[in-house]
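Chemist: Here you go, one structure.
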Amino acid sequence: MKNPKRNFGKGKGLKFSAKEALREIKGNRFATISTHCHRFNLFADFCKKNNTNNAVYITQDLFELYALRILDRVLVGDISTHYAHNLISSINVVMHAFRRDKCIWLSPKILFGPRCHVRKIAPNMSLFVLKQACRKISIKAGFDIALLIWLARVLGLRLREAILLDAKKSLKETKSKGHVDIRKGTKGGRGKKVERLVKSNKRVVFALEMAVVAQSNRVSFIPKSEKLITFYRRIHNIALPILKEFGIEKIHDLRAAFACDDYKNELGIEAPVISGKSVTKTPEIKEKLKKISNKLGHNREYIIDSYCGR
């Protein structure tokens, strides 16, 4: 690069410039940008302590020194391998946004090993219990929020994916093709490039029919007078305490319950986290696990361990 401007022309401060660089390549994906910035800012603080506040002067050596500090924290149990992966991955993303190359880049997998938390506690599998929770959510926060929580469970969606689901389009797909293709709100924008087909059933059709009525002329659950991020936070603040009352510790546990259901459907046995029995991963079983993984929006079969145990 020939005489690049400070922070590659994105601004004076490293943290501000990182956000501007991400906006150029990520557009208006607020949640993604916010998450990467939060993690990168920790690295920016480290850079400042090492007399660097300009992305132009961030070197591979400096990045590796930071990675070693992260590795030390993993080894003493201060942070998880999963979080360490996220920290390094975000720096990779931001530096690519700055430089538009991979000259400053590290492999989290080589540094910390595979990223996979093995679930030890079974999620609450009861649809009856979830219905009770949704009734209470509906009374307190409205039918729309209760319905998207229900859809997160029956389709295995992340909360953001449930919020952005276009009910009319999904209902049309499920009636004509027998599945729903999840495209909006996927992690890393993966839905723009990769099909994610979730098989439909009577429960899904009924939920989508109610969602069509609830959304009216909208193409998502986001109220016309509200932004995605504020709606997202409102759901967490209202729905999560109610779900906890009914033994559902996290909204993400709804995806784990969906995965455990699908595990039994695909393999014919209970998920290890429910049965307490380990499963030998033969090539045939790995193929089935990858199929479940794809429905959840992942492309690695071993990620299922974090939903279903092993």
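Chemist: How far, in degrees from 0 to 90, does helix 60-75 lean away from the longest principal axis of the Cα atoms of the chain, to the nearest 10?
Modeler: Roughly 50 degrees between the two axes.
Chemist: Also, I was wondering about something else. Using a Gaussian network model of the chain whose springs link C-alpha atoms within less than 10 Å, name the residue from Leu155, Leu111, Leu254 with the highest mean-square fluctuation.
Modeler: Maximum among the listed residues: Leu111.
Chemist: Using a 10 Å cut-off around each Cβ, can you sort Thr230, Thr174, Thr52 from fewest to most neighbouring Cβ atoms? Don't skip to the answer; put the middle values down first.
Modeler: On the way: Thr230 12, Thr174 21, Thr52 16.
With the fewest neighbours first, Thr230, Thr174, Thr52 line up as Thr230, Thr52, Thr174.
Chemist: For Arg234 and Asp78, what does the FRET efficiency come to when R0 = 30 Å and r is the distance between their Cβ atoms, rounded to the nearest 0.05?
Modeler: The pair Arg234/Asp78 has a calculated efficiency of 0.40.
Chemist: What's the percent breakdown of Cα-Cα distances in segment 76-206 across 10 Å bins, shortest bin first?
Modeler: All Cα pairs, binned at 10 Å, distribute as 10, 27, 29, 23, 10, 0 percent.
Chemist: While we're here: For Leu71 and Lys131, calculate 0.36 nm times their separation in residues minus their Cα-Cα distance, and state this gained length in nm to one decimal.
Modeler: Working: separation 60, 0.36 × 60 = 21.60 nm, distance 4.31 nm.
Extra length available between Leu71 and Lys131 comes to 17.3 nm.
Chemist: Could you check the simple spin-label distance between Lys290 and Leu197, using points 7 Å along Cα→Cβ, in nm with one decimal?
Modeler: Output for this residue pair reads 1.6 nm.
Chemist: In addition: Taking a ≥ b ≥ c as the square roots of the eigenvalues of the Cα gyration tensor of segment 229-310, is the shape rounded (a/c under 1.5), prolate (a/b larger than b/c) or oblate?
Modeler: prolate
Chemist: Within segment 222-282, which trypsin sites (Lys or Arg not before Pro) sit in a loop by DSSP and count at most 11 neighbouring Cβ atoms inside 10 Å?
Modeler: Hits after loop and neighbour filter: Lys224, Lys227, Lys277.
Chemist: Something else now. Give me the one-decimal nm value for the distance between modelled label points at Ile110 and Val219, 7 Å along each residue's Cα-to-Cβ direction.
Modeler: Output for this residue pair reads 4.2 nm.
Chemist: For each pair in Lys184/Lys295; Lys202/Lys250; Lys264/Lys286; Lys48/Lys102; Lys175/Lys224; Lys19/Lys102, compute the distance between the two Cα atoms and list the pairs where it is over 20 Å.
Modeler: Table pairs above 20 Å Cα-Cα are Lys202/Lys250; Lys48/Lys102; Lys175/Lys224.
Chemist: So for the pair Thr59, Ser275, with labels modelled 7 Å out along Cα→Cβ, what separation do we get in nm?
Modeler: Label-label distance for Thr59 and Ser275, simple model: 5.5 nm.
Chemist: Report, in degrees rounded to the nearest 10, the 0 to 90 angle that the Cα long axis of helix 228-245 makes with the longest principal axis of the chain.
Modeler: Its long axis makes an angle of about 60 degrees.
Chemist: Separate question: When we measure straight from the Cα of Lys109, which aspartates and glutamates land under 16 angstrom away, once same-chain ones fewer than 8 places off are left out?
Modeler: Counting by Cα, and skipping residues close in sequence, Lys109 has these aspartates and glutamates nearby: Glu64, Asp72, Glu301.
Chemist: Taking only the alpha carbons of segment 7-56, what extent do you get along each of the three principal axes, in Å, biggest first?
Modeler: Ordered largest first, segment 7-56 gives principal extents of 32, 21, 11 Å.
Chemist: Also, I was wondering about something else. Place a +1 charge on the Cβ of each Lys and Arg in segment 6-112 and a -1 charge on the Cβ of each Asp and Glu, then give the dipole magnitude about the Cα centre in debye, rounded to the nearest 20.
Modeler: Dipole of segment 6-112, to the nearest 20 debye: 420 debye.
Chemist: Moving to a separate point now. Measuring from a point 7 Å past the Cα of Glu226 along Cα-to-C-beta, which residues in segment 16-44 have an amide N at less than 16 Å?
Modeler: none
Chemist: Next up: How big is D for the chain, in µm² s⁻¹ as a whole number, if Stokes-Einstein is applied with the Kirkwood radius of its Cα pairs at 4 °C and 1.567 mPa s?
Modeler: 61 µm²/s
Chemist: For q values of 0.10, 0.14, 0.16, 0.19 Å⁻¹, compute log₁₀ I(q)/I(0) with the Debye formula on a Cα-only model of segment 127-308, without solvent.
Modeler: Debye intensities relative to I(0), on a log10 scale: -0.39, -0.77, -1.00, -1.36.
Chemist: May I ask you to list the residues of segment 286-306 whose amide nitrogen lies under 20 Å from a point 7 Å from Cα along the Cα→beta-carbon direction of His117?
Modeler: 293-294, 296-306
Chemist: Give me the angle, in degrees from 0 to 90, between the Cα long axis of helix 127-141 and the longest principal axis of the Cα atoms of the chain, rounded to the nearest 10.
Modeler: Tilt relative to the chain: about 70 degrees.
Chemist: Bins of 5 Å, beginning at zero and ending with the bin holding the largest distance: percent of Cα pairs per bin for segment 6-112, please.
Modeler: Over segment 6-112, the share of Cα pairs per 5 Å bin runs 2, 13, 25, 26, 19, 11, 4, 1 percent.
Values quoted throughout were computed directly from the atomic coordinates according to the rules given, and no laboratory measurement underlies them. None of the values given here were measured: they were computed from a predicted structure. Cβ coordinates were reconstructed from backbone atoms using ideal geometry, including for glycine residues, and neighbour counts include every protein chain displayed.
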